[in-house]
Amino acid sequence: MSSRIASLSSQSCHRHLGWLRLTLGGLALCFALGLGCSGSGGGGGGTGGSQQSGSGGLTTSGGATASGGATSAGGTVGSGGSVATGGRIGSGGIVSTGGNADTGGTKAAGGSTSGSGGSVATGGSTGSGGSTGSGGSTGSGGIVSTGGAGDTGGTKGTGGTTSTAGSTASGGRSGSGGNAAGASGTGGSGAGGSSGSGDGGTANAVPSAGCNKTPTLKNSPSTANQNTLTVSGASRQFVVRWPTNYDNTHPYRLILDFHGATGSDTEEAPGYFGLFALSNNTTIFAAGSAVGGIWDATADLTFVDALLKAVEDDLCIDTSRVELEGFSQGGAMVATLACSRPGVFRAAVGHSRGGLTAPSTCQPIPYLGSLGLSDVSGNSQATQTDPFAKWNGCKVTTMPLAATGSHVCTSYTGCPADYPVIFCSFDGPHTASPTDSGKSTSWMPAEVWPFLSQF
């Protein structure tokens, strides 16, 4: 009995194990099939895939998408397949509007479709201006640029190096384009260049108290209109002439003139040793009158101090450019002033000077002296210019003398650049306005003006 029960139990277990194997096998088959396909239509489907986007990089709005996958209505049909509505998109890169699409069987609605422009760049490598400077190196009289090194302007200069009478450039280097559309420029070198009228020291001028004032002194443009000062209880006279286009904001050079013995201030007006015509409205001239026509080396120092103050207080003077010119005893007064008032006068000119005790010492000052071959006995290079050459540190040698009917002006050698000395010899008498043979006008102003106007 027990043997029968054991036999039945063993058979029953074998049957149950058989069904279990069939069931597990079926589940395994279904699981394997499930990995390959699923979805409402009996196939596998996915509503989306992986998506990457970038404003100018790799962008897909859908990625790998299949609405149906492998579905059999009668063959292998997919309504979508792998579709990309964007592909790789960049504002200037590769763009595609579609991908691979299958609408049924092996069919593509658009096939492999490239972007609307393929490899497209809206501007390629674009620079709106490159390196641009709004200022560059700027100076009120120096080098000026409004663009700097830039694509929108290139190197542009509005000025260049500028001075009233020195080197002046109205343009400088200029370019309106730069490298934005290749190297281009409409400018070039400045339109100015070197120009001047002998008034080049204005940039470093020391304005007097008379600047920005309306003049009250009498002008002497054609006839002598004397002005009067009271000095040490005595009435003293002087004349003044200023430029026809006088500007009370512009500091002018001032030249004080001194007449010879027995002369007066009115002898100097309106030509002032012939320099007013050459000065081209850059200089103011004044001349004082000695008491009785004879200069006093002591008393007239005070007079000239007062005259200079009156002019500087009323007119716009560059006090660093006050100069002297005189003839005979007036030339001797020039030497006295130059050495008695060091630092007040910038340069001095003496024609055939004599009649006063000559200075024995002096601070360096530029000096031009002239002397005629038939002048007063005893006058020579040694009395006229050698003393100033020694004081200025120049080498003193025997200077050339004029040939018959002519003149010669010679610079001393070895002088410091700021303190030149010149000796002019001429074939003629005691005069400040000598002429060469056959000439009706004096050569002297053409020698004196370049000398004084260099300062």
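The values are calculated or read from the model by the stated rules, or taken from the named source; none is laboratory data. Remember, it's a predicted structure, so these values are computed and weren't measured experimentally. Glycine also receives a Cβ, built like all others from the backbone with ideal geometry; neighbour counts cover every protein chain displayed. With ligands, DNA and RNA removed, areas are computed over all heavy atoms of the protein, side chains included. Shrake-Rupley method; radii C 1.70, N 1.55, O 1.52, S 1.80 Å.
What FRET efficiency comes out for the pair Thr298/Ala403, r = Cβ-Cβ distance, R0 = 45 Å, nearest 0.05?
0.65
Over the C-alpha atoms of segment 271-382, what are the Rg and the largest Cα-to-Cα span, Dmax, in Å?
In order Rg, Dmax, the Cα atoms of segment 271-382 give 14.2, 43 Å.
Starting from the 7 Å offset along Cα-to-Cβ, what nm value, one decimal, do you get for the label separation of Thr228 and Lys309?
Calculated label separation equals 2.0 nm.
Just the Cα atoms of segment 349-401, one point each, no solvent: what log10 I(q)/I(0) does Debye give at q = 0.30 Å⁻¹?
With no solvent term, the Cα-only Debye profile gives -1.45.
How much accessible area per residue does segment 336-455 have, in Å², with a 1.4 Å probe?
On a per-residue basis, segment 336-455 sits at 44 Å².
Cys339 accessible area, nearest 10 Å², 1.4 Å probe?
Around 20 Å² of this residue is reachable by solvent.
With the full set of protein chains in place, find how many percent of the accessible area of segment 405-446 is carbon and sulfur; take the probe as 1.4 Å. Write down the numbers at each step before the final one.
Working: 1010 of 1980 Å².
Roughly 51 percent, rounded to a whole number.
Using 1/(1 + (r/R0)^6) with R0 = 41 angstrom and r between the beta carbons of Ser374 and Thr249, what's the FRET efficiency to the nearest 0.05? Let's see the in-between values first.
Values: r = 48 Å, r/R0 = 1.17.
In this case the efficiency is close to 0.30.
Please list the three semi-axes, largest first and in whole Å, of the ellipsoid equivalent to segment 302-436, using sqrt of 5 times the eigenvalues of its alpha carbon gyration tensor.
Equivalent ellipsoid semi-axes, largest first: 26, 17, 13 Å.
Test of understanding: what is the full-extension gain from Lys390 to Lys218, defined as 0.36 nm times their sequence separation minus their Cα-Cα distance? Provide the component values of the computation, followed by the final result.
Working: separation 172, 0.36 × 172 = 61.92 nm, distance 4.06 nm.
Length difference between fully extended and current span is 57.9 nm.
Under a Cβ-Cβ cut-off of 13 Å, what is the net charge of the residues other than Lys213 that fall near it, where Lys and Arg count +1 and Asp and Glu count -1?
The answer is -4.
Roll a 1.4 Å probe over the protein heavy atoms and report the accessible area of Ser340 in Å², nearest 10.
Using a 1.4 Å probe on the heavy atoms, I get roughly 50 Å².
Mind listing the long-range amide H neighbours of Phe258? Cut-off is under 5 Å, sequence gap 5 or more, other chains count too, H placed in the peptide plane at 1.01 Å from N.
Here the answer is Glu325, Gly326, Phe327, since their amide H atoms fall under 5 Å of that of Phe258.
For a Förster distance of 45 Å, can you work out the FRET efficiency between the beta-carbons of Ala277 and Thr361, rounded to the nearest 0.05?
Calculated transfer efficiency: 0.80.
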